[in-house]
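Since the structure comes first, as structure tokens, the remarks are kept for the end.
The values are calculated or read from the model by the stated rules, or taken from the named source; none is laboratory data. Please read all numbers here as calculations on a predicted model, not as lab measurements. We place every Cβ from the backbone using ideal geometry, glycine too, and count neighbours over all the protein chains shown. To get the accessible areas, we keep the full protein, side chains included, count just its heavy atoms, and leave off ligands, DNA and RNA. Shrake-Rupley method; radii C 1.70, N 1.55, O 1.52, S 1.80 Å.
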Amino acid sequence: MGYKVVIVGATGNVGREMLNILAEREFPVDEIAALASRRSLGTEVSFGDRTLKTQDLATFDFTGWDMALFAIGSDATKEYAPQAAGAGCVVIDNSSLYRYDPDVPLVVPEVNADAVLGYTKKNIIANPNCSTAQMVVALKPLHDRARIKRVVVSTYQSVSGAGKEGMDELWDQTKAVYNPVSDVPPSKFTKQIAFNVIPHIDVFMEDGSTKEEWKMVAETKKILDPKIKLTATCVRVPVFVGHSEALNIEFEEFLDEDEARDILREAPGIMVIDKREDGGYITPVECVGDFATYISRIRQDSTLDNGLNLWCVSDNLRKGAALNAVQIAEVLGQKALKKG
């Protein structure tokens with residue numbers, strides 16, 4: 001016997017990926033429903049070799065459904081997630097709404113799978129920010145070995161993190177650069193994204209950081225270890241899919257780069273591609289469609305007693321969003337619901 005699964009926001013980038021990944025990983029589904037807003041009602045989406053017609057989220061009854069994977073904004077989630085949870089359907093939420101709620105577990109299965117069991121307080125589990133998810137997958141096995149004191153991270157985040165509008169804006173602006181009579185002013189982003197980088201993701205906060213940077217700090221502490229100090233600079237780059245991160249890590253004790261490389265090779269969810277030669281590393285174009293978090297450029301930081309640098313790349317629509325949500329569903333099934 002399998003699960004009755006709901007995908008909320010099935011017509012968006014992440015919702016479609018959730019359907020793809022559930023099918024790819026052969027998640028034990030008995031029945032599946034694809035929900036969308038009224039304006040997308042009847043839109044067809046793919047689930048393996050099946051085609052599903054979207055149903056109206058506003059009128060859907062979650063009673064009798066096992067789990068709902070939410071891929072809609074915080075405002076809509078605030079309205080509909082409590083309805084689903086109240087009907088006995090466990091919500092796995094991809095928005096930022098519940099991430100910092102102490103009664104809602106924030107889960108990356110390779111890092112803190114057992115935290116899933118805390119879902120019973122509100123019948124909700126939160127998915128972390130895309131930039132945090134891939135980073136903590138890389139940090140966890142190293143932290144277990146040498147205890148991390150501090151992390152300095154600079155991100156290179158693709159436009160798909162801003163949804164379809166962000167991808168369309170990069171596409172349209174790129175074409176416009178080559179067309180002297182065409183002009184596509186910034187709309188989704190604050191400045192031109194084509195052939196440019198923008199050191200600004202989400203809103204600014206009083207201390208000068210952006211909310212995206214704050215998220216990485218708060219979520220790392222909740223998922224991995226509250227003692228870790230982290231500072232982030234988050235940058236939007238003209239890449240369609242795939243987030244990259246340059247990580248500088250300070251440990252409590254010395255960790256040799258060769259041992260770190262071996263540890264990461266054995267760690268779940270990680271693929272190490274690290275050759276000190278031309279092309280001996282992974283770029284975002286090469287990670288698209290893959291489940292793994294890729295690690296390259298592992299090297300000692302000679303300016304610190306116990307420091308390492310590394311490069312981390314992952315498909316943000318997968319590990320950063322849809323894949324992580326499906327992995328949470330798998331762990332929830334194995335550890336709590338025990339069907340399928």
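Identify, please: which residue in the stretch 76-105 is open to solvent by less than 30 Å² (accessible area, probe 1.4 Å) and aliphatic (A, V, I, L, M) and is, among those, nearest to S131 (Cα to Cα)? Going through the qualifying residues, I end up with I92.
Filtering the stretch 43-75 to residues that are open to solvent by 20 Å² or more (accessible area, probe 1.4 Å), farther than 21 Å from K164 by Cβ, under 25 Å from the mean Cα position of the chain (by Cα) and modelled with pLDDT of 95 or more leaves W65, D66.
Filtered by the rule that a residue be part of a loop (DSSP other than H, G, I, E, B), in contact with a helix residue (DSSP H, G or I) (Cβ under 9 Å, 6 or more places away or on another chain) and either open to solvent by less than 50 Å² (accessible area, probe 1.4 Å) or among the basic types (K, R) (or both), the stretch 154-199 gives S158, S182, V184, K188, F189, I193, A194. If you go through the stretch 41-70 and keep only what is under 24 Å from N324 (Cβ atoms) and touching a helix residue (DSSP H, G or I) at 6+ places or on another chain (Cβ under 7 Å), you end up with V45, S46, F47, G48, T54, L57, F62, D66, M67, A68, L69, F70. Out of all the residues in the stretch 200-223, which are in contact with a strand residue (DSSP E or B) (Cβ under 7 Å, 6 or more places away or on another chain) and either open to solvent by 60 Å² or more (accessible area, probe 1.4 Å) or of a type in the set (D, E, K, R) (or both)? Once the filter is applied, which keeps residues that are in contact with a strand residue (DSSP E or B) (Cβ under 7 Å, 6 or more places away or on another chain) and either open to solvent by 60 Å² or more (accessible area, probe 1.4 Å) or of a type in the set (D, E, K, R) (or both), the stretch 200-223 yields D202, V203, F204, E212, E213, E219, K222. Could you please find all residues in the stretch 130-161 being touching a Ser or Thr at 6+ places or on another chain (Cβ under 7 Å) and either over 17 Å from T231 (Cα atoms) or among the polar types (S, T, N, Q) (or both)? Correct list: S131, T132, Q134, V137, S154, T155, Q157.
Among the candidates D93, D168, single out the residue that is modelled with pLDDT of 95 or more, farther than 30 Å from D262 by Cβ and over 15 Å from the mean Cα position of the chain (by Cα). I'd like the intermediate steps shown before the answer.
Values: D93 fails: over 15 Å from the mean Cα position of the chain (by Cα).
After ruling out the rest, the residue left standing is D168.
Each residue in the stretch 16-42 was checked for being modelled with pLDDT under 95, small (G, A, S) and part of a helix (DSSP H, G or I), and 1 of them qualify. Look through the stretch 278-307, keep the residues that are touching a helix residue (DSSP H, G or I) at 6+ places or on another chain (Cβ under 6 Å) and among the aliphatic types (A, V, I, L, M), and return whichever of them is surrounded by the fewest Cβ atoms within 10 Å (Cβ to Cβ). Top of the filtered list is I298.
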